[in-house]
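Read-outs: derived from the displayed coordinates by stated rules, not from any lab. Worth saying up front: this structure is predicted, and the values here are computed from it rather than measured. All Cβ positions, glycine included, derive from the backbone under ideal geometry; neighbour counts span all protein chains shown.
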Amino acid sequence: MTTNITPEVMIDMLSLMSVYDARTVGKEDVTGWLIVADLEDWDAAAVQRIIVEHYRRDASRPRLSPSAVTDRLRQIRRAAADTFEDPIIPADLPGPEYPAWYRAQMAAHIEQAVTAWAATGLEPRRGAIDGNRAGTLGELINLAPERVRGEVVDAIAAIERRRA
């Protein structure tokens, strides 16, 4: 992932913070924050979520700092990494390419989870990422491993009988 925070985006973010804590924003502030954003690979949508989260509770909170943003983003990334499940290895993947392939799979998963968190505010949790959510009972049945689909169908039928 590469940071998507430009100087203009950083100015917008610092301006948003100034609404909450009356900070003044100068060229040096923008430059200093951009350096950290680049070093820590910040994502603009995630940082905006962090800003709002930080200031929406507890009036006695200190001004948001670059290190606080980085700490929160790392926390979300760790939570996302904890939801990563080992993918099925492609049969034609050469052995020496496996480590890089695995890291790329995990990085993509983490990026997707952070993006979902930035949009919804819901902390990453196992089974809620990568489109593995069932919207209907039929989708739930199709997502279930074949070896347990019969049990899922029976459980759904039991629930339907109780409703009636």
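Toward the positive end of the charge dipole of the chain, about the Cα centre and with charges on Cβ (Lys, Arg +1; Asp, Glu -1), which of Ile50, Pro7, Ala100 goes farthest?
Farthest towards the positive end: Ile50.
What value in Å³ per residue do you get for the convex hull of the alpha-carbon atoms in the range 48-113?
95
In whole Å and largest first, what semi-axes does the C-alpha gyration tensor of the chain yield when each eigenvalue is scaled by 5 and square-rooted? Please report the intermediate quantities before stating the final value.
Numbers: eigenvalues 320, 110, 23 Å².
One finds semi-axes of 40, 23, 11 Å for the chain.
Measure off 7 Å from each Cα along the Cα-to-Cβ vector at Arg23 and Asp58, then give the distance between these two points in nanometres to one decimal.
1.7
Given springs between every Cα pair under 10 Å in a Gaussian network model of the chain, which of Asp43, Asp82, Asp154 has the largest fluctuation?
Asp154
Give, to the nearest whole percent, the P(r) tail of the range 1-62 beyond 20 angstrom, counting all Cα pairs. Walk me through the intermediate numbers first.
Numbers: 454 of 1891 pairs.
The proportion of pairs with Cα distances above 20 Å equals 24 percent.
Quote the relative contact order of the chain in percent (integer), defining contacts as alpha-carbon pairs under 8 Å separated by 6+ residues.
20
Around Ile76, what is the net charge, scoring Lys/Arg as +1 and Asp/Glu as -1 over all other residues with Cβ under 13 Å from its Cβ?
So the surrounding residues net to -2.
Working out 0.36 nm times the residue gap between Glu111 and Ile89, then minus their Cα-Cα distance, what length gain in nm do you get to one decimal? Walk me through the numbers on the way to the answer.
Working: separation 22, 0.36 × 22 = 7.92 nm, distance 2.01 nm.
Extra length available between Glu111 and Ile89 comes to 5.9 nm.
Could you work out which residue, out of Asp58, Asp92, Asp21, moves most in a Gaussian network model of the chain, that is, has the largest mean-square fluctuation with Cα springs under 10 Å?
Fluctuation is largest for Asp92.
Give the angle, between 0 and 90 degrees and rounded to the nearest 10, that separates the Cα long axis of helix 27-39 from the longest principal axis of the Cα atoms of the chain.
30
Rounded to whole Hz and in sequence order, give me ³J(HN,Hα) for the range 58-68 from the Karplus expression 6.51 cos²θ - 1.76 cosθ + 1.60, θ = phi - 60°, writing x for Gly and Pro.
Ordered by residue, 3J(HN,Hα) equals 6, 4, 8, 5, x, 4, 5, 10, x, 5, 5 Hz.
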